[in-house]
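Worksheet: one structure, shown below.
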Amino acid sequence: MLPKKIEVDHESNTLEKTKISITSSITIETLSVDEIAIVFGYLSWRTILAARVCCKFREAAAVTLVPHTSVSSETDGLVPEFCINSSRAYGALTWMPRALPNLQQISVFHIHFEDGEHPYSLQRESTMPLNMPVHRFDTLSQFPKLTRLDIVEAKLNGYYPTLFFGFRYLKELNIYRTKTLKCNLQMISDGFPMLEVLYWAVSPCLEGDIRSFRTVRNTLRSVFVIQCDKVKGDFMDLADFPNLEQLCFNQTSVGGDFRRIKEDDFPKIRFFDIPKDCFSLDRVDDAELVMAISCRLQKTNGAMIGPWTLRGSSQDSYPTDIFSLLKPPFVVRTVQAGPRIGWRWSNGQKGGSCETNWLDREPVAEDNDYGQYLEDLKSIQASVVSYRGFFKPPTLEEYQRLTTHW
């Protein structure tokens, strides 16, 4: 048998030789500072510092946008790698701006800073050591390219203009338990024009109206303001934010009427948590509208909202029967079985749910998720015992008849 003819692709062969020739000719000397900086951009700050062994590498490190990196902690899980949590670590801020001026993330934990402008007159805390060193806050401003800043349980007292006008590229700000840090929401919006994520919790000195966030309307993705009772406003002022995915104003003075939410409002919302008063209903019949909105947001964006409760002062409300201890079903929340979404009233007890008010058609056997629907439906119906046949809370007379035979 004659051997098969072997075709040689001369063009492909030449290209491969060229690649090998180019690869073998690349050396440190042939790479520019900008090209080395691109490589450094994939490394942690520790690795970049260790690589500064020659003038060219030091120049490259100085222009590198150092990425966010995290390390694993046994107690705290994943934590930021560049963490200032002691006076010794703070000392690195004296030389790091020369080595890595484009550092993009800094986390500050438990550091005692000098008082800012208009500080409170405070006595030294009994738990604070007498010789605890005090540091300058404006040292952080030597990193103008920061995109993320975390400040956790740091001693800050008064206003710090450097914080709000030194980081124009900041995208994520996380501040927790800075009880005497003075700030207002307008300073945040004006100081961080590229802000995407804000987490500010347990800071009673934070104040202002959330309408101030309209300055960063197009960039804001996540807002968590928690236990800041001087923060006020109407959450509906954020309804037209195109990229807002998470909104939380728990334990604040923020209010608003959920029933005002229109079909195009909060187009990307996935998490929605507002003060409990905003989730209270004046009448049982109010549930139909608010639950239709809640179900729509859950179906379109996966947003879990609620539960809602009937106000104790409502004329539809009545107390629990002291003999049967059967609680009235005055809590309403969404339910889902496969692709089908609805809502129902419940008392939170086993078997204490009312019938479901479905908003979607029932799936048919030909649907792909029909099996999942049947499985979920069985679990939903199992909790309907005490109020079987009721699609909303019984009237007082109906409730009294139920408790008589309970």
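Considering only region 227-253, how many residues are open to solvent by less than 50 Å² (accessible area, probe 1.4 Å) and assigned to a strand (DSSP E or B)? Of the residues in region 227-253, 7 are open to solvent by less than 50 Å² (accessible area, probe 1.4 Å) and assigned to a strand (DSSP E or B).
With the structure loaded, tell me whether ILE261 is out of contact with any helix residue (DSSP H, G or I) (no Cβ under 8 Å at 6 or more places or on another chain), of a type outside the set (S, T, N, Q) and buried (at least 17 other Cβ atoms within 10 Å of the Cβ) or whether it fails that test. Answer is no for this residue. For region 337-345, the count of residues that are open to solvent by 60 Å² or more (accessible area, probe 1.4 Å) and at negative phi is zero.
Quick one: in region 358-369, of everything that is open to solvent by 60 Å² or more (accessible area, probe 1.4 Å) and touching a residue at least 24 places away in the same chain (Cβ under 8 Å), which residue is nearest to ARG296 (Cα to Cα)? My answer is LEU359. Residues in region 197-218 that are surrounded by fewer than 18 Cβ atoms within 10 Å (Cβ to Cβ) and within 15 Å of the chain's Cα centre (by Cα): TYR199 only. Within region 316-346, if we keep just the residues that are outside any loop (DSSP other than H, G, I, E, B), among the polar types (S, T, N, Q) and touching a strand residue (DSSP E or B) at 6+ places or on another chain (Cβ under 6 Å), the residue that is modelled with the lowest pLDDT turns out to be THR334.
Determine whether region 107-128 contains at least one residue that is in a helix (DSSP H, G or I) and at pLDDT 85 or above.
Quick first cut of region 107-128, residues in a helix (DSSP H, G or I) only: none.
The answer is no; no qualifying residue exists.
Of all residues being under 15 Å from ARG311 (Cβ atoms) and not acidic (Asp, Glu) in region 264-282, which is surrounded by the most Cβ atoms within 10 Å (Cβ to Cβ)? Just the residue, please. Give the steps one after another, and end with the answer.
Looking only at region 264-282, we keep the residues that are under 15 Å from ARG311 (Cβ atoms), and these are 275-282.
Filter once more, keeping what is not acidic (Asp, Glu): 275-276, 278-281.
On the way: PRO275: 17, LYS276: 11, CYS278: 17, PHE279: 19, SER280: 16, LEU281: 23.
Per the stated criteria, the residue is LEU281.
Only residues that are open to solvent by 60 Å² or more (accessible area, probe 1.4 Å), within 17 Å of ILE269 (Cβ to Cβ) and of a type outside the set (Lys, Arg) were counted across region 283-312, and they come to 2.
Looking only at residues in region 97-118 that are surrounded by fewer than 16 Cβ atoms within 10 Å (Cβ to Cβ) and touching a strand residue (DSSP E or B) at 6+ places or on another chain (Cβ under 8 Å), the one that is farthest from ASP150 (Cα to Cα) is HIS118. Counting only residues that are part of a loop (DSSP other than H, G, I, E, B), within 22 Å of the chain's Cα centre (by Cα) and of a type outside the set (Val, Ile, Thr), region 272-315 holds 5 of them. Comparison of GLU398, GLU355 shows that the only residue that is crowded, with 16+ Cβ neighbours inside 10 Å and either part of a helix (DSSP H, G or I) or free of Cβ contacts under 8 Å to residues at least 60 places away in the same chain (or both) is GLU355. Look at region 166-192: where a residue is within 10 Å of THR147 (Cβ to Cβ) and among the basic types (Lys, Arg) and a partner is modelled with pLDDT under 95 and open to solvent by less than 40 Å² (accessible area, probe 1.4 Å), sitting 6+ places away or on another chain with Cβ atoms under 7 Å, you get LYS171/THR147. Here is the figure for region 146-166: residues that are at pLDDT 90 or above and either in contact with an Asp or Glu (Cβ under 6 Å, 6 or more places away or on another chain) or part of a loop (DSSP other than H, G, I, E, B) (or both) total 10.
Residues of region 148-191 that are of a type in the set (Asp, Glu) and either under 23 Å from LYS232 (Cα atoms) or open to solvent by 60 Å² or more (accessible area, probe 1.4 Å) (or both): GLU153, GLU172, ASP190.
The values are calculated or read from the model by the stated rules, or taken from the named source; none is laboratory data. This structure is a prediction, so every number in the text was calculated from the model and none was measured. So basically every Cβ, Gly included, is an ideal-geometry build from the backbone, and we count neighbours across all protein chains shown. All accessible areas refer to the heavy atoms of the entire protein, side chains included, with ligands and DNA or RNA removed. Shrake-Rupley method; radii C 1.70, N 1.55, O 1.52, S 1.80 Å.
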